[in-house]
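Below is one structure, written out as structure tokens; comments come after it.
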Amino acid sequence: MSSDHRYHVTITWTGNKGRGTESYTSYDRSHEISIQHKAVISGSSDPAFRGDATRHNPEDLLLASLSSCHMLWYLHLCSAAGVIVLDYVDGAEATMVETDDGGGRFVEANLNPVVTVADSSMVERAYDLHKKANELCFIANSVNFPVRHQPVVQLPVP
């Protein structure tokens, strides 16, 4: 049984320095990402594209979406399989290439989750569930580039 889910976000450009987009350098890339009942996210473009390095950019947010979607599926699958996860940290990375016309696209993402499980009997299953999480992840299923996983599963430090 499938269901449709709709999402709404408001993007408001806040970078008009008084001259609008008169020239490529006359405006800031600053904007706000607003979603009802949630904290506002301050956005910009990547600093390589005249953005503010202190604000989130779309490329970072795409990678964060991939990583968090995978983690949420993974935690769900572990809980259903009796794998007790005590800690989860992902140092995700992605590569975007620019094209000659000034555009670009992501060519890969690598998720590097380090997962701590409660018992050594859970380690093998903990590794296996990453594949299933990738198969179910809404975001990974929506992109046109490979999303790879190099998980590490460990036990708590005594």
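The values are calculated or read from the model by the stated rules, or taken from the named source; none is laboratory data. Keep in mind that what you see is a predicted model, and the values were worked out from it rather than measured. No Cβ is skipped: glycine too gets one built from the backbone with ideal geometry, and neighbour counts run over all protein chains shown.
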Next on the checklist: Only one of SER2, SER42 is at pLDDT 90 or above and not assigned by TED's automatic domain parsing to the domain that holds ARG148. Can you tell me which?
Outcome noted: SER42
Checklist entry - Restricting attention to segment 141-153, which residues are assigned to a strand (DSSP E or B) and either surrounded by 15 or more Cβ atoms within 10 Å (Cβ to Cβ) or in contact (Cβ under 8 Å) with a residue 60 or more places away in the chain (or both)? => result VAL147, HIS149, VAL153
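Somewhere in segment 116-139, is a residue in a strand (DSSP E or B) and assigned by TED's automatic domain parsing to the domain that holds TRP73?
The answer is yes, given that some residue of segment 116-139 is in a strand (DSSP E or B) and assigned by TED's automatic domain parsing to the domain that holds TRP73.
Condition first: within 20 Å of LYS132 (Cα to Cα), outside the structural domain of HIS149 (by TED's automatic domain parsing), surrounded by fewer than 18 Cβ atoms within 10 Å (Cβ to Cβ) and over 15 Å from the mean Cα position of the chain (by Cα). Can you find one or more residues in segment 61-78 that meet it? Quick ask: steps written out before the conclusion?
First, pick out the residues of segment 61-78 that are within 20 Å of LYS132 (Cα to Cα): 63-78.
With outside the structural domain of HIS149 (by TED's automatic domain parsing) added as a condition, the list becomes none.
For segment 61-78, residues within 20 Å of LYS132 (Cα to Cα), outside the structural domain of HIS149 (by TED's automatic domain parsing), surrounded by fewer than 18 Cβ atoms within 10 Å (Cβ to Cβ) and over 15 Å from the mean Cα position of the chain (by Cα): absent.
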Checklist entry - Going through segment 7-40 one residue at a time, which ones are loosely packed, with under 10 Cβ neighbours inside 10 Å and within 19 Å of the chain's Cα centre (by Cα)? => result TYR7, HIS8, LYS38, ALA39
